[in-house]
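Only one structure is covered here, and it is reproduced in the block below.
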Amino acid sequence: MKANDRLLRALKREPLDRPPLWLMRQAGRYLPEYRALRKEAKSFMTLCQTPDLAAEVSLQPLRRFDLDAAILFSDILTLPDAMGLGLSFKEGEGPQFAKTIRTLADVQALPVPDPEQKLKYVMQAVQLIQKELAGSLPLIGFAGSPWTVACYMIEGQGHKNFISARQMAYQAPEVLQALLDKLVEATHLYLSAQIAAGVDVVMLFDSWGGWLSPEHYQQFSLAAMNRIIALLKSDPLTAATPIILFSKGAGAFLESMSLSGADALGVDWTQSLSAARVRVGDRVCLQGNLDPALLLSSPEKVQAAMYALLDDWGPHPGLIANLGHGIEQTTPIENVSALVEALKSYSFTP
Ligand code: CP3
């Protein structure tokens with residue numbers, strides 16, 4: 001039981017006084033207190049790997065804004081780091097791996113890490129966050145989708161279109177498939193460990209799924225996520241934990257995503273939420289979908305956009321208000337406050 005259980009009830013599509021709201025990347029560089037701690041810690045990886053600091057960063061946005069969920073502060077790339085790829089973040093340059101994966105031999109040499117050992121710092125952060133939250137709010141844990149994590153492992157770093165990973169899908173699909181199979185196993189263990197440590201909801205971030213052709217999306221992105229969901233839902237220890245699936249830029253595939261077994265789908269701002277709901281019926285909740293660029297405008301515009309989203313959605317259950325992707329680092333704090341206030345001041349009575 002949580003004092004504020006809007007998110008958990010929305011995930012069951014129960015009627016609510018108002019939809020829950022949280023923000024992708026709600027902890028991060030737009031917050032001065034994050035920047036201060038990041039400077040003190042020297043590196044982003046130190047923040048992630050020091051449970052006290054990761055817990056503190058997770059809680060920072062909740063002290064400022066009346067949000068309806070906490071999200072674990074970590075990164076989708078800690079898993080490939082635990083598989084021995086050697087992750088670092090250079091200031092202003094994004095992620096960098098010491099090793100890349102290109103051949104079947106590379107894939108076969110990859111270990112499937114025991115998360116209780118190699119990612120113990122994540123489980124410790126989860127426990128610390130839950131202690132601090134003391135039942136006030138649900139905590140969301142997460143992992144990257146196998147396809148999205150594979151993109152970084154193949155490229156070795158961030159990339160504007162992950163051309164090497166997409167090339168592999170055509171040129172060496174058996175290597176890509178072997179990598180995805182390993183990531184399905186590793187991600188399932190990782191999310192199971194997060195659930196055992198105490199997260200209330202898990203989310204799969206598939207940031208690069210929308211770059212694939214329809215056939216490749218099914219084969220390389222969705223199929224792997226489906227398998228993780230099936231594994232989590234078939235284990236009594238993890239079956240009750242709701243799952244949110246978010247493939248960025250994949251609005252064309254919402255119908256097939258809604259058959260994945262996930263409880264909710266993330267939607268980006270290229271789709272209308274009401275039209276998306278018609279397409280997925282009552283199989284899943286929907287999460288989204290304001291453009292993060294909106295939060296770079298003004299409090300008035302933010303309020304109008306939140307009202308428009310709620311008007312468009314109407315009096316249906318199953319909405320989780322959020323952005324359609326992560327918050328931008330130049331976002332003014334007052335616009336985030338305006339977003340939260342807009343949701344609270346909206347008149348939900350017909
Ligand atoms: O939502 C949250 O508040 C939880 C924290 C979180 C981070 N990364 C922290 C972070 C989450 C959920 C992620 C997920 C993540 N990480 C994704 C999927 C979501 C998405 O945005 O598409 C991806 C693709 C990554 C990989 C990653 N991490 C990149 C490409 C970068 C560099 C680009 C950037 O934004 O700086 C990161 C770094 C990162 N992860 C930061 C934060 C707060 C910034 C690091 C810093 O302080 O310099």
(message) Per residue, how much accessible surface does the chain expose to a 1.4 Å probe? Answer in Å², no decimals.
(response) 41
(message) Ignoring everything except DSSP H segments at least 4 long, calculate the 222 nm mean residue ellipticity for the chain; use -39,500 (n - 2.57) per segment, divide by total residues, nearest 500.
(response) -13000 deg cm²/dmol
(message) Charges at C-beta only: +1 for Lys and Arg, -1 for Asp and Glu. How large is the resulting dipole of the chain about its Cα centre, in Debye rounded to 20?
(response) 140
(request) For the stretch 200-315, build the charge dipole from Cβ charges (+1 Lys, Arg; -1 Asp, Glu) around the Cα centre, then report which of Y307, L273, V202 sits farthest towards its positive end. (result) V202
(message) If I model a spin label at S256 and S136 as a point 7 Å from the Cα along the Cα→Cβ vector, what separation in nanometres do I get?
(response) 4.3
(request) Mind checking the full-extension length gain between D311 and K99? Use 0.36 nm per residue of separation minus the Cα-Cα distance, one decimal, nm. (result) 71.4 nm
(message) Please list, in order along the stretch 301-316, the HN-Hα scalar couplings obtained from phi with the Karplus expression 6.51 cos²θ - 1.76 cosθ + 1.60 (θ = phi - 60°), rounded to whole Hz, x for Gly and Pro.
(response) 5, 5, 4, 4, 6, 5, 4, 5, 4, 5, 4, 4, 6, x, x, 9
(message) Considering only protein heavy atoms and a probe of 1.4 Å, how much of the accessible area of the chain is carbon and sulfur, as a whole percent?
(response) 53
(request) Distance check, please: which entries in K2/K39; K2/K248; K2/K344; K160/K233; K99/K233 exceed 26 angstrom between their Cα atoms? (result) K2/K39; K2/K248; K160/K233; K99/K233
(request) For the stretch 73-177, run through the trypsin sites (Lys or Arg not before Pro) and keep only the ones in DSSP coil with at most 16 other Cβ atoms within 10 Å of their Cβ. (result) K99, R102, K160
(request) Report the one residue of I333, Y34, L294 whose Cα lies farthest in the direction of the positive end of the charge dipole of the chain (charges on C-beta: Lys and Arg +1, Asp and Glu -1; origin at the Cα centre). (result) Y34
(message) Once each part is reduced to its C-alpha centroid, what is the distance from the stretch 33-60 to the stretch 158-205 in angstrom?
(response) 25
(request) With label points built 7 Å along Cα→Cβ from the Cα atoms of L296 and A239, find their separation and express it in nm. (result) 4.7
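Explain nothing, just the number: dipole magnitude of the stretch 222-350 about its Cα centre with +1 on each Lys and Arg Cβ and -1 on each Asp and Glu Cβ, in debye rounded to the nearest 20.
Numbers: 8 positive and 12 negative charges, 78 e Å.
In total the dipole reaches around 380 debye.
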(message) As an exercise, identify the trypsin sites (Lys or Arg not before Pro) in the stretch 25-74 lying in DSSP coil whose Cβ has no more than 11 other Cβ atoms within 10 Å.
(response) K42
(request) Please turn the phi angles of the stretch 14-19 into ³J(HN,Hα) values with the Karplus equation 6.51 cos²θ - 1.76 cosθ + 1.60 (θ = phi - 60°), one per residue in order, whole Hz, x for glycine and proline. (result) 7, x, 9, 5, 7, x
(request) Would you mind checking the tilt of helix 51-64 against the longest principal axis of the Cα atoms of the chain, expressed as 0 to 90 degrees and rounded to 10? (result) 20
(request) Return one quarter of the surface area of the convex hull spanned by the alpha-carbon atoms of the chain, equal to its mean projected area, in nm². (result) 15.9
(message) Given axes a ≥ b ≥ c from the Cα gyration tensor, I'd like to know whether the stretch 31-75 is rounded (a/c under 1.5), prolate (a/b larger than b/c) or oblate.
(response) oblate
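The values are calculated or read from the model by the stated rules, or taken from the named source; none is laboratory data. Every value quoted in this text rests on a predicted model; they were computed, and no experiment measured them. Glycine gets a Cβ as well: all are built from the backbone with ideal geometry, and neighbour counts include every protein chain shown. The area values use the complete protein model at the heavy-atom level, side chains included, leaving out ligands, DNA and RNA. Shrake-Rupley method; radii C 1.70, N 1.55, O 1.52, S 1.80 Å.
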